[in-house]
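Take a look at the structure set out below.
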Amino acid sequence: MANLFRLGLIINPLAGLGGSVGLKGSDGQAEHAMALGAAPQAMHRATTALTELLPQRDKFVVYTVAGEMGQSVCEALGFDYQLLYTPDSWPSAAEDTETAARLLAEQGVDLLLFAGGDGTARNICAALGEHTTVLGIPAGVKIHSGVYAISPQAAGKLVAKLVAGELVSLSEAAVMDIDEQAFRQGVVKARRFGEMRIPAQLRYVQSVKMGGRESEELVLADLAAYVAAQLEDDVRYVMGSGSTVAAVMAELGLDNTLLGVDVIENGELIAKDVTAAQLLQLVQGYPSKLIITLIGGQGHVFGRGNQQLSPAVIRAIGRDNLLLIASKAKLQQLDGRPLLADTGDAELDQQLTGLINVLTGYNDYVMYRLGYEDES
């Protein structure tokens, strides 16, 4: 196996469980999330990424962890793999991720690929620091760190380049995480936990989320006033998370879930901090529109902190009924990179791709591209 690319693989099977049921994180919330009907997504997202490697399966060997932490996906895809660690109990814990990471690093893997969220990135960083090249497959609710690819497909494409022997630059990226208890109270307290070395391909790797208050207060006021004036009677408006949408709710004089999703109709709040299942019931078969913004610095519209907007919900509302609002400064931060949709449904992501109108001020729109497009 000396000439084969050595790929390390760790999957946090509990990552992202809290997203669809509005828990705004999964740390310590797995049982609660599953009781609310959440379904695990990390293995599916890891499979999506690794499917990109099927044409090169004879060029690499995977070093991984037992069961849902990696072995199951390798067997499903028919990859050659070596098992280096088996957790003592299930479900696995943070300590298992850290132990597995150290064992894979000791094996001398060329790249450690892991699926999870910011908590998983923290575990990997605590175990390895900057000594191993890593790449994250986004599977969590909170993904502020710069060590993640922009989508599972992008992660797979980038690994495929490495396996093929293409020249890929390396850089250091920040590992960030937030206080989940404060997050659930609507307060974002982000903290830097270190850096890790990643393959540096801007088409595939996301930027660190930019936090802080929106400084363009007049722009926000104009946006909010215009949106409020355009609301139609007898239409259900799904209000996405974030400070830009919060400005609209403030203009309407309605209570807002800063880091959740609310629903309004005829000027009244009819549902607060809804889950994906609740939201689908509210919009199916009823005239509905979605008001949403993007994550500053990253450009994600779907798939980061708003998993309540499930593929089923987005399809029920329809692309033509999306109202995307953002200041020009937020768009300029992207430096020409596209807006991103990482819904977990590749077919839907493709359907969302294309130019979209973005409301940037009072009756002021710009056209911007939504969706990652492969140029190969």
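Evaluating Gly361 against the criteria (1) small (Gly, Ala, Ser); (2) modelled with pLDDT of 85 or more; (3) more than 26 Å from Ala49 (Cβ to Cβ) leaves one unmet condition, (2).
Looking only at the range 165-191, residues that are part of a strand (DSSP E or B) and either modelled with pLDDT of 80 or more or more than 30 Å from Ala247 (Cα to Cα) (or both) come to 7 in all. Within the range 69-88, being among the small types (Gly, Ala, Ser) and open to solvent by 70 Å² or more (accessible area, probe 1.4 Å) holds for one residue alone: Ala76. Scanning the range 228-254 for residues that are buried (at least 23 other Cβ atoms within 10 Å of the Cβ) and in contact with a helix residue (DSSP H, G or I) (Cβ under 6 Å, 6 or more places away or on another chain) yields Met239, Ala247, Val248.
Just to be sure, is Asp335 open to solvent by 10 Å² or more (accessible area, probe 1.4 Å) and either in a strand (DSSP E or B) or more than 15 Å from Leu355 (Cα to Cα) (or both)? For Asp335, the condition - open to solvent by 10 Å² or more (accessible area, probe 1.4 Å) and either in a strand (DSSP E or B) or more than 15 Å from Leu355 (Cα to Cα) (or both) - is met.
Could you look through the range 338-366, keep only residues that are among the β-branched types (Val, Ile, Thr) and part of a strand (DSSP E or B), and pick out the one that is surrounded by the fewest Cβ atoms within 10 Å (Cβ to Cβ)? Among those that are among the β-branched types (Val, Ile, Thr) and part of a strand (DSSP E or B), it is Val366. Being crowded, with 23+ Cβ neighbours inside 10 Å and of a type in the set (Val, Ile, Thr) holds for only one residue in Thr293, Thr257, and it is Thr293.
If you go through the range 308-322 one residue at a time, do you hit one that is more than 21 Å from Tyr237 (Cα to Cα), open to solvent by less than 50 Å² (accessible area, probe 1.4 Å) and not acidic (Asp, Glu)? Checked against the condition, which is being more than 21 Å from Tyr237 (Cα to Cα), open to solvent by less than 50 Å² (accessible area, probe 1.4 Å) and not acidic (Asp, Glu), the range 308-322 yields no hits at all.
Every condition in (1) surrounded by 20 or more Cβ atoms within 10 Å (Cβ to Cβ); (2) on the phi > 0 side of the Ramachandran plot holds for Gly165 except the one numbered (1). Against the definition (modelled with pLDDT under 95 and either within 24 Å of Gly140 (Cα to Cα) or surrounded by 15 or more Cβ atoms within 10 Å (Cβ to Cβ) (or both)), how does Ala66 come out, yes or no? The answer is no for Ala66.
Only a single item in (1) touching a Phe, Trp or Tyr at 6+ places or on another chain (Cβ under 8 Å); (2) crowded, with 20+ Cβ neighbours inside 10 Å; (3) free of Cβ contacts under 8 Å to residues at least 40 places away in the same chain is not met by Glu265, and it is number (2). Output the number of residues of the range 97-118 satisfying the condition of being under 18 Å from Ala15 (Cα atoms) and open to solvent by 20 Å² or more (accessible area, probe 1.4 Å). Count: 2. When each of Leu258, Leu323, Leu280 is tested for being on the phi < 0 side of the Ramachandran plot and without any contact (Cβ under 8 Å) to a residue 60 or more places away in the chain, the lone residue that passes is Leu280. Within the range 342-360, the set of residues being of a type in the set (Asp, Glu) and over 13 Å from Phe302 (Cβ atoms) comprises just one member, Glu347.
The values are calculated or read from the model by the stated rules, or taken from the named source; none is laboratory data. It should be emphasised that the depicted structure is a prediction, and the values quoted were computed from it without experimental measurement. Quick reminder, even Gly has a Cβ in these numbers, built from the backbone with ideal geometry, and neighbours come from all protein chains shown. Surface areas here come from the heavy atoms of the whole protein model, side chains and all, with no ligands, DNA or RNA. Shrake-Rupley method; radii C 1.70, N 1.55, O 1.52, S 1.80 Å.
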